[in-house]
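The values are calculated or read from the model by the stated rules, or taken from the named source; none is laboratory data. Note that the structure is a prediction, hence the values are computed from the model and not measured. Here the Cβ is made from the backbone with ideal geometry for all residues, glycine too, and neighbour counts use every protein chain on show. Note: accessible area is taken over every heavy atom of the protein model, side chains too, but ligands, DNA and RNA are not part of it. Shrake-Rupley method; radii C 1.70, N 1.55, O 1.52, S 1.80 Å.
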Amino acid sequence: MTVKDTALFTLPIGDDGSLTCTLPADRVYLLTFTSPPDNRLVTPLCQALLLALDIIELRHQPGVVVTTSGVQKFYSNGLDLEHANSTPGFWAESLYRLWRRVLVYPMPTISLLNGHAFAGALMLAMMHDYRVMNPHRGYLCLNELELGVPLRPPMSSIFRQKVSPSTYRSMVLEARRYKGRVKTIFMHFPVMIRDLNGVANGSYHNDMLYILTAFKALDALKEGMIDSLGGLNETLQYIDEMQLTRKAEKGVYGVLKEEMWRETVGYLEKWIDEQGRDREAAKLRKQDRAEAELKVVAWERGAPKAKL
């Protein structure tokens, strides 16, 4: 597939950011969002993406939508929790609406992960139909465990539906990072690197170095978090090989996805139920802890004292 560079439209993201839609190949719509410093998923970015998706659906031919970042280091650094919790309507009208829109969009969608995708950003990537990861740079991680932040129902269900139980466990309960960085790989393979440096003519050095760089990204590929490795050229090749530009022609692509991902779609639509659920869950945890405390105190009072 030949790469072109046809600009279709540009939208503002707040005061200093922008979203540009280009046509790198026939019926392939590349949405590049740039909201310095790290593309946080705040209201202006979410709303720009929503409008871009509307424009493509209503004013252009069916094809494939690819989202990526104009910030080299980050696809996105996830949510700004202060903004999320202090901005009226953010969850329902911006974040959840964007996630649902991408999840059931009536065309194939691809997240081109050029750099880090943490927490909410990885969730956004998982709402896409396919993911292509840069093998040289970036972490994929759910770091809620490290932040002390619980996962809301749609945040958890999308991984439960799209990856294996063991991968889901590693991501949520271990905050495992899937990475594609040279420095990290060197740390994991000191003997192999020494062997490479010891090769007399060094003829295999570059090829092996690339393999080592891509190794952790290959873990993400093996475990079903991503579908391919590379950049835009590899993404266009993947689209061509899978004939993705033809998939939306019959008009049922989005409808099929609504049924396919019914659980997550339901959580995104019934977001208001979360508040009551969270209150009830917190009440039960408090009650269980109080009952446990009473039992432990009774045991302590009745337990025989150890002799010194």
**Message:** Accessible area of the range 28-75 with a 1.4 Å probe: how many percent of it is carbon plus sulfur?
**Reply:** 57 percent
**Asked** Once the convex hull of the C-alpha atoms of the range 9-50 is built, how many Å³ does it hold per residue, rounded to a whole number?
**Response** 67 Å³
**Fill in**
Lys and Arg at +1, Asp and Glu at -1: neighbours of A125 with Cβ under 12 Å from its Cβ sum to 0
**Request:** Could you check what % of the DSSP bridge pairs in the chain are antiparallel, to the nearest 5?
**Result:** 45 percent
**Prompt:** Taking amide H positions as placed 1.01 Å from N in the peptide plane, with prolines and chain starts having none, which residues 5 or more places from L229, or on another chain, fall under 5 Å of its amide H?
**Reply:** M133
**Request:** Holding the Cα-Cα limit at 29 Å, pick out from K4/K250; K162/K270; K73/K222; K162/K283 the pairs that are longer than that.
**Result:** K162/K283
**Asked** Alpha carbon centre of the range 223-280 versus the range 45-122: separation in Å?
**Response** 12 Å
**Request:** Please check the chain for the longest run free of trypsin sites (Lys or Arg not before Pro) that are loop-located per DSSP (anything but H, G, I, E, B) and have at most 15 other Cβ atoms within 10 Å.
**Result:** 74-249
**Fill in**
Everything considered on the Cα gyration tensor (a ≥ b ≥ c; rounded for a/c under 1.5, else prolate if a/b is larger than b/c, else oblate), the range 59-153 must be described as oblate
**Fill in**
Summing -39500 (n - 2.57) over every DSSP H run of at least 4 in the chain, dividing by its residue total and rounding to the nearest 500, the 222 nm mean residue ellipticity is -15000 deg cm²/dmol
**Request:** Go through F159, A119, L294 and say which Cα lies farthest out towards the positive end of the charge dipole of the chain; charges sit on Cβ, +1 for Lys and Arg, -1 for Asp and Glu.
**Result:** L294
**Complete:** Going residue by residue through the range 225-241, the Karplus relation 6.51 cos²θ - 1.76 cosθ + 1.60 with θ = phi - 60° gives ³J(HN,Hα) values, rounded to whole Hz and with x marking Gly or Pro, of 6, 10, 10, 6, 10, x, x, 5, 4, 5, 5, 5, 5, 4, 4, 5, 5
**Request:** Could you calculate, for the chain, the ratio of the Cα radius of gyration to the Kirkwood radius, expressed as Rg to Rh?
**Result:** 1.07
**Prompt:** Under the classification rounded if a/c is under 1.5, otherwise prolate if a/b is larger than b/c and oblate if not, where does the range 15-97 fall, given a ≥ b ≥ c as square roots of the Cα gyration tensor eigenvalues?
**Reply:** oblate
**Fill in**
Percent antiparallel among DSSP beta bridges confined to the range 1-102, rounded to 5, stands at 70 percent
**Message:** Within 10 Å of each candidate Cβ there may be at most 14 other Cβ atoms; applying that plus a DSSP loop requirement, which GluC sites (Glu not before Pro) in the range 230-308 survive?
**Reply:** E249
**Message:** Quick one: 3J(HN,Hα) in Hz for the range 113-119, Karplus 6.51/-1.76/1.60 with θ = phi - 60°, rounded, Gly and Pro as x.
**Reply:** 7, 7, x, 4, 9, 9, 6
**Message:** Using a Cα-Cα cut-off of under 13 Å, which aspartates and glutamates could be cross-linked to K247, ignoring same-chain neighbours fewer than 8 residues away?
**Reply:** D129
**Request:** Could you tell me what percent of the accessible area of the range 85-129 is made up of carbon and sulfur, with a 1.4 Å probe and every protein chain present?
**Result:** 53 percent
**Prompt:** Along the charge dipole of the chain, Cβ charges K/R +1 and D/E -1, which of N39, P304, H128 sits furthest on the positive end?
**Reply:** P304
**Item:** In Å², nearest 10: area of H83 left accessible to a 1.4 Å probe
**Value:** 50 Å²
**Complete:** Toy charge model, Lys and Arg Cβ at +1, Asp and Glu Cβ at -1: the chain dipole around Cα centroid in debye, rounded to 20, equals 980 debye
